[in-house]
Structures are given as structure tokens and as C-alpha cells.
Amino acid sequence: MKREFFSVLLFLFFAAPAGALEIPRGASEALLVLPDGFKVRVELALTGEAQARGLMFRKELKEDRGMLFVFGEAGEKSFWMKNTFVELDMVFLDAGLKVGKVFHRVPPSRPGQKDFEVAGASAPASCVLELAGGAARRHGLRPGARLKISFPSGGTKKRSSV
């Protein structure tokens, strides 16, 4: 009996993060809590069109703002800074919002810059968080760290990690 209980508990512990990120229908924003408790309001990039546009053409990005790209499945995700005019931190996450890799202060593109000179970042992920350059380091985002997410505009809170 104890053995079966322990097996079920282990299964739930390891299985929960994989399917833990649920986006309420109609949600366009979320609130992320970083490892140090800092809160970031993020726009959700859920469609291919929104993901292709990302944060392009923005002139500024406040430290408490960002964008969370949520993909249908895990795999190698590549980001390119073409027409992105603000320095970004790119945080590659699994479906449970556990940090896999962080690219700090990815340089913005410049007018007239050749495509092959534009910075990019690539790593396995289910989600990617873009923050203002320097924010990831200031708020303890490093591999293994976990984020928490809620959806204030939808009125529902969904657990992604503890």
C-alpha cells in the first residue's frame, strides 16, 4: 500500500509540470512572479502571427513588462532580433515554467543592419519569456528557477509551479 501511494505521488510530482501551463480562453495577458517575488505583466503571444511579431518596433520595454510566447509543443525554439529595437533577456522555459536557458542582454537590431548580423537565440523550450535587458539577472532567473503565473484579467488562477 505504501509503495503504491509513493509511486502515485512520484508520478504526480514529475508529470505535473509537463502539462501544468493552462491558458484560460480569451486571456491576452498574465502576471508572472519571478524567483525573487518581482511581478511582471506579460502579453501572451499564442498565435503564429503574434509570435512572429513579438516585441518588434517597440522603442522601450519597462522592467515590469514582457512577453510570454506559448508554443503548442516543446522543441528547439529560435528567436531573431530583426526589427526589435530594445535590448532583451530571453528566458527559455519548459511547460511548467522551469528555466532551461537564459540569454542575457541580447542586442537590438539597428536600422540598415544586414540580416546575418542580427542577433538571435535558440534553445529547447515550450515557452519563451522576453524581458527588458538586465531584468533576468536582477531577479534571479537562472537554469532551474521556477516562475509562477496567474491570469488576473481572466479572473482565474492557474498553477504552473510552486
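Computed extension gain for ALA52 through ASN83, at 0.36 nm per residue and net of the alpha carbon distance, reaches 10.0 nm.
Output the direction-averaged projected area (hull surface divided by four) of the convex hull of the alpha-carbon atoms of the range 100-145, in nm². Could the numbers behind the result be given before it?
Numbers: hull surface 15.4 nm².
Averaged projected hull area, Cα only: 3.9 nm².
Within the range 2-154, the percentage of alpha carbon pairs spaced more than 20 angstrom apart rounds to 49%.
Per residue, the average separation of C-alpha pairs within less than 8 Å and at least 6 apart gives the range 2-154 a relative contact order of 29 percent. When the trypsin sites (Lys or Arg not before Pro) in the range 76-150 are filtered for DSSP coil states and for at most 11 other beta-carbon atoms within 10 Å of their beta-carbon, the remaining sites are LYS114.
In the range 49-139, which GluC sites (Glu not before Pro) are in a loop and have at most 14 other Cβ atoms within 10 Å, using DSSP for the loop call? Don't skip to the answer; put the middle values down first.
On the way: sites: GLU49, GLU60, GLU63, GLU73, GLU76, GLU87, GLU117, GLU130; in loops: GLU60, GLU63, GLU87.
Qualifying residues, ordered by number: GLU60, GLU63.
The aspartates and glutamates whose alpha-carbon is closer than 12 Å to the alpha-carbon of LYS62, local same-chain residues fewer than 8 away aside, are GLU87, GLU130.
Laboratory data are not the source of any read-out in this text; all were calculated from the coordinates shown. This one's a predicted model, so the numbers in the text were calculated from it and none came from an experiment. Cβ atoms come from the backbone with ideal geometry, glycine included; neighbour counts cover every protein chain shown.
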